[in-house]
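These notes are about the structure you will find just below.
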Amino acid sequence: MRFAALVLSGVFMASVASAEEIKKVEIVDGAVQASLTGKPGDAVAGAKVFKGRRAGNCLACHGNKDMSGEQFHGETGPIMDGVADRYSTEQLRAIVVNSKKVFGDHTLMPAFYEVDRLSRVAKKFEGKTVLSAQQVEDVVAYLLTLKE
Amino acid sequence: MMKIFGKVAAIVAGSALVATAAFAEDRKSYPAPKDHPLSEIISGYEFRTPETRALQDDDFENPAYILLDLGAELWSTADGAAGKSCASCHGDAAESMKGIGASFPKWSKERNKAITVEQQINICREEQMQADTWKWTKDPNMLGMTIFVKNQSRGMPIVLDNSPEMETVRKLGEEVYYTRYGQLDMSCANCHEDYYGNYIRADMLSQGQINGFPTYRLKWNGVGSTHRRFKGCMKNIRANPFKPQGEEFTALEAYMMYRAVGLPIETPSVRN
């Protein structure tokens, strides 16, 4: 009995991990056409991804008037005000998935949904994307609310 | 580098950037030699707040002085089976250790590799004093002695050993400096070359210079070594850091002395 229970819990763990399996995402002409989850994201959850230090931590690099209540806006990246006027949903999705494929290899901005070509990744983060597919869609939904 | 910065600056054109530009004029900088990756060489001191600087400016306020005093005491304390102290062989540190902090890592012919001040200390302890070696990054004895030795060069400009051996070491260090590591896929240069003078979250990025190490860091609430800082920056980008005092970090340190060439030694500095 005890043995069976252990095996069962092992199977359960494995299925949780595979639920987060990384999808192959293609960036064509600076855009990703389809939602990574098949659905639109949730802008409220996306705002949390944007400011969360352990999530996107986008605020570390991007100023954002919409979050003027938050302290410590970074300034290494462009200010996010009106970003939805500058880019389409599909372009924003591509920027979040892998900005290097949009802006070029020089960019400071990390790829948030990419595990290839990384070097010396800490064990804890090996084989994992910075954001889940859901979080990518959520933060894109949030960016789409930033209009001037 | 300036191209990237210029592009971002143009997009941003925000008030924050204008403010830092005004602030930047007050930063003391040193001219970079020909073909250097930086157009001006600036100490981390210049990027810190007046409050943090004040702690470094006043030796009585500088919390690292406790370790400097410990180092001075250890200098003339006999230890190990040979019954010797550093002073037994090196005499007055103000004379014998002058310039060490401004020029190490140096090439060791016997060992056929570059060695840091920390490694030299342990070599002397082991081989000359027959004493136990000290742990690299956090042992107060090691930190104290390293501060004491480097402090004998305070105010002296960093100089380079141009031997072909050290050139080769610096080449490896340069490679480490420009390689992107970790889940966040960044290189040292991404932050410290392309964006110094800009805030990343609550921190104003500096050039990541090493002329003040070992440093008292408010965040650590204590003193830390050069390689502890390297390790910290690698962990922040979710990378698996190299080993303190291993080949890569030693080479990186040697290369970063080139990036800092001409900067006066500040050891022990205070940072946030």
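Things to note:
- Qualifying residue in the range B:190-205 (condition: in contact (Cβ under 8 Å) with a residue 12 or more places away in the chain, surrounded by 22 or more Cβ atoms within 10 Å (Cβ to Cβ), away from chain A (no Cβ under 13 Å) and not in a loop (DSSP other than H, G, I, E, B)): no
- Boolean, B:Tyr216 is farther than 28 Å from B:Glu51 by Cβ and not hydrophobic (A, V, I, L, M, F, W, C): no
- Only a single item in (1) within 14 Å of chain A (Cβ to nearest Cβ); (2) buried (at least 20 other Cβ atoms within 10 Å of the Cβ); (3) not basic (Lys, Arg) is not met by B:Asn211, and it is number (1).
- Cβ-Cβ under 7 Å pairs, at least 6 apart or on other chains, the range B:220-249 side surrounded by fewer than 22 Cβ atoms within 10 Å (Cβ to Cβ), far side in a strand (DSSP E or B) and of a type in the set (A, V, I, L, M, F, W, C): B:Asn240/A:Val121
- Test: residue in the range B:8-18 that is at pLDDT 95 or above and exposed (fewer than 12 other Cβ atoms within 10 Å of the Cβ): no
- Residue check for A:Tyr142: assigned to a loop (DSSP other than H, G, I, E, B), more than 10 Å from chain B (Cβ to nearest Cβ) and touching a residue at least 24 places away in the same chain (Cβ under 8 Å): no
- Of all residues in the range B:166-189 being within 10 Å of chain A (Cβ to nearest Cβ) and either without any contact (Cβ under 8 Å) to a residue 40 or more places away in the chain or under 11 Å from B:Ala254 (Cα atoms) (or both), the one that is nearest to the chain's Cα centre (by Cα): B:Ser187
Okay, residues lined up against (1) more than 11 Å from chain B (Cβ to nearest Cβ); (2) surrounded by fewer than 22 Cβ atoms within 10 Å (Cβ to Cβ); (3) outside any helix (DSSP H, G or I); (4) touching a Leu at 6+ places or on another chain (Cβ under 6 Å):
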residue: A:Gly46; (1), (2), (3), (4): yes, no, no, no
residue: A:Val49; (1), (2), (3), (4): yes, no, no, no
residue: A:Gln71; (1), (2), (3), (4): no, yes, yes, no
residue: A:Gly74; (1), (2), (3), (4): no, no, yes, no
residue: A:Pro78; (1), (2), (3), (4): no, yes, yes, no
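- Out of A:Val102, A:Val130, one residue alone is away from every other protein chain (no Cβ under 13 Å) and within 26 Å of B:Tyr196 (Cβ to Cβ). It is A:Val102.
- Pairs are defined by a Cβ separation below 8 Å, a sequence spacing of at least 6 or placement on different chains, a first member in the range A:109-122 that is more than 7 Å from chain B (Cβ to nearest Cβ), and a second member that is of a type in the set (Ser, Thr, Tyr); the pairs so defined are A:Met109/A:Ser99; A:Phe112/A:Thr129; A:Tyr113/A:Thr129; A:Glu114/A:Thr129; A:Val115/A:Thr129.
- Scanning the range A:51-69 for residues that are surrounded by fewer than 20 Cβ atoms within 10 Å (Cβ to Cβ) and touching a residue at least 40 places away in the same chain (Cβ under 8 Å), we see that the one that is farthest from the other protein chains (Cβ to nearest Cβ) is A:Asp66.
- Candidates in the range B:40-52 are the residues that are closer than 18 Å to B:Arg217 by Cβ and surrounded by 15 or more Cβ atoms within 10 Å (Cβ to Cβ); of these, the one that is farthest from the chain's Cα centre (by Cα) is B:Thr52.
- Flag for B:Gly91 being over 20 Å from B:Pro268 (Cβ atoms) and free of Cβ contacts under 8 Å to residues at least 60 places away in the same chain: yes
- In the set (1) of a type outside the set (Val, Ile, Thr); (2) outside the structural domain of B:Val261 (by TED's automatic domain parsing); (3) touching an Asp or Glu at 6+ places or on another chain (Cβ under 7 Å), the condition left unmet by B:Ala32 is number (2).
The values are calculated or read from the model by the stated rules, or taken from the named source; none is laboratory data. This structure is a prediction, so every number in the text was calculated from the model and none was measured. Note that we place each Cβ from the backbone using ideal geometry, even for glycine, and neighbour counts take in every protein chain shown.
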